[in-house]
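Asks: Pasting a structure here, questions to come.
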Amino acid sequence: MSEVIVNNTGWFSKEAISDRLTLICEPHVHKFFRANIFHVIGKDADLVIDFGMGLANLRTELRIPLGKPVLAVATHVHVDHVGSFHEFDTRLGHEAEAEAFALMPDGDTLADYFRTQPGALTAAVPMGVTPDTYKIPPAALTTVLVENDVIDIGDACYTVLHLPGHSPGSIGLFDQTTGEFFSGDAIYQGGLVDDLPGCNIEAYKGTMKRLAELDVELVHGGHGTRFGKDRLREIAVSYLHSKGC
C-alpha cells in the first residue's frame, strides 16, 4: 500500500494512507497521549475516527467540503481521543460511556493524568492552552452505539465491535468486506494499557480472545503503526499469555 506524507507543518502531521484514508497525529504531544486520528472519505459521508487532544481545530484541518455529512466516531472517552469531539455535529460512541461523553469528567477521560505529566507538550499550543488550564468540552452523543451497529458512508460499511477492557466503552470499526479494522485502543503496536482507572483485565482477556480470531486484512490502531492479521494475533496471544491464559 502506497504512503505519501501530505503535510507535516503546523500542529498536526498528516499521512495519506490511500486516496480515501488519512492518518492525522499531534507530534508535539507527549508520546503516551499522541493518538491516531483517522479521516475516511466516503461517497455519501466522511467518517472521522477519534479526535486527539483538542489543542488545535481539527475540523478545519480536515478540509471537508462544506455541507458534506460527517460522522464522528469516538472509540472511547479517554483524553487523547476526544479533545476535538465537540467540533462535530454528529457524534457516535458506545452506550457504556454515553454519560461520560456528555460530561467529560476527569475520572473517565483521565485528563488529570495529562495535566500532571512531565513534558506533556513539546511546543506552544495554537489555542494557547497549557496543561494546567486544559479542559475537554462536553460532547454528548447524538447516536449511541452498541455491538453490531453499522456505520454506512455510502461506499463502505463498518460494523461496531464492543471491545471492553481498556475502557468500558471501547469499540472498534470493522469493514467485513475489505477486512479493514479500526481498533482504537483495544489493540495496537506498543504496550497495551490495562492499569488505569476504568480498565478491566478480565474484560480485556475476553476482548483479546475475540481479536485473536478476527479475520482482518489491515489494522489501524489507536496508537502506533498499522499491521496485519498475523501481528494482531501475536499481540492478542501475547497479552493473554502475560495474564496466565
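Asks: At a Förster distance of 41 Å, what's the computed FRET efficiency of Ala123 paired with Ala98, Cβ-Cβ distance as r, to 0.05?
Replies: Details: r = 34 Å, r/R0 = 0.83.
That gives a FRET efficiency of 0.75.
Asks: Still on this structure, please answer the following. Taking 8 Å as the Cα distance limit and 6 or more residues as the minimum spacing, I'd like the relative contact order of the chain as a percentage.
Replies: On the way: 539 pairs, mean separation 35.0, N = 245.
Computed over the chain, the figure is 14 percent.
Asks: Show me the three semi-axes of the equivalent ellipsoid for the chain, from the C-alpha gyration tensor (sqrt of 5 times each eigenvalue), largest first, rounded to whole Å.
Replies: On the way: eigenvalues 119, 98, 65 Å².
Ellipsoid half-lengths, sorted descending, are 24, 22, 18 Å.
Asks: How big is the Rg/Rh ratio for the range 136-220, C-alpha atoms only, Rh by Kirkwood, two decimals?
Replies: Using only Cα positions, Rg/Rh for the range 136-220 is 0.98.
Asks: Still on this model: GNM on the chain, C-alpha springs below 10 Å: top fluctuator among Val216, Val29, Val129?
Replies: Maximum fluctuation in the GNM of the chain, among the listed residues, is at Val129.
Asks: At 1.4 Å probe size, with the rest of the protein present, what percent of the exposed accessible area of the range 85-222 is carbon and sulfur atoms? Can you show the working numbers first?
Replies: Working: 3020 of 5990 Å².
Roughly 50 percent of what the probe reaches on the range 85-222 is carbon or sulfur.
Asks: From the Cα gyration tensor of the range 1-137, with a ≥ b ≥ c the square roots of its eigenvalues, which class applies: rounded if a/c is under 1.5, or else prolate if a/b is larger than b/c, or else oblate? Write out the running numbers ahead of the final one.
Replies: Numbers: a/c = 1.93, a/b = 1.23, b/c = 1.57.
Since a/c reaches 1.5 but b/c is at least a/b, the shape of the range 1-137 is classed as oblate.
Asks: Could you calculate the FRET efficiency of Glu213 with Lys135 from 1/(1 + (r/R0)^6), where r is the beta carbon distance between them and R0 is 51 Å, rounded to 0.05?
Replies: Values: r = 40 Å, r/R0 = 0.79.
Using R0 = 51 Å, I get an efficiency of 0.80.
Asks: Pick out which of Val73, Val48, Val146 has the largest mean-square fluctuation in a Gaussian network model of the chain, springs linking Cα atoms closer than 10 Å.
Replies: Highest fluctuation of the listed residues: Val146.
Asks: Exceeding 32 Å between C-alpha atoms, which entries from my cross-link table qualify? They are Lys135/Lys243; Lys43/Lys135; Lys43/Lys243; Lys31/Lys205; Lys14/Lys68; Lys14/Lys43. Mind dumping the intermediate values first?
Replies: Numbers: Lys135/Lys243 35 Å; Lys43/Lys135 35 Å; Lys43/Lys243 43 Å; Lys31/Lys205 25 Å; Lys14/Lys68 21 Å; Lys14/Lys43 21 Å.
Pairs exceeding 32 Å: Lys135/Lys243; Lys43/Lys135; Lys43/Lys243.
Asks: What range in the chain is the longest one free of GluC sites (Glu not before Pro) that are in a loop by DSSP and have at most 15 other Cβ atoms within 10 angstrom?
Replies: On the way: sites that count: Glu3, Glu147, Glu213, Glu217.
With a cap of 15 other Cβ atoms within 10 Å, the longest stretch comes to 4-146.
Asks: Of the trypsin sites (Lys or Arg not before Pro) in the range 1-107, which ones lie in a loop per DSSP and count no more than 14 other C-beta atoms within 10 Å? Walk me through the intermediate numbers first.
Replies: Numbers: sites: Lys14, Arg20, Lys31, Arg34, Lys43, Arg59, Arg63, Arg91; in loops: Arg20, Arg34, Lys43, Arg63.
In loop regions of the range 1-107 (DSSP not H, G, I, E or B), the sparsely surrounded trypsin sites (Lys or Arg not before Pro) are Lys43, Arg63.
Asks: Counting only DSSP beta bridges with both residues in the chain, tell me the antiparallel percent, nearest 5.
Replies: Numbers: 25 of 38 bridges.
So the antiparallel bridges in the chain amount to around 65 percent.
Asks: Measuring with a 1.4 Å probe in the full set of protein chains, what accessible area per residue, in whole Å², belongs to the range 121-245? Provide the component values of the computation, followed by the final result.
Replies: Values: 5710 Å² over 125 residues.
Using a 1.4 Å probe on heavy atoms only, each residue of the range 121-245 averages 46 Å².
The values are calculated or read from the model by the stated rules, or taken from the named source; none is laboratory data. Please read all numbers here as calculations on a predicted model, not as lab measurements. Positions of Cβ are generated from backbone atoms using ideal geometry, with glycine treated the same way; all protein chains shown enter the neighbour counts. Side chains are part of the model used for accessible areas, which takes the heavy atoms of the whole protein and leaves out ligands, DNA and RNA. Shrake-Rupley method; radii C 1.70, N 1.55, O 1.52, S 1.80 Å.
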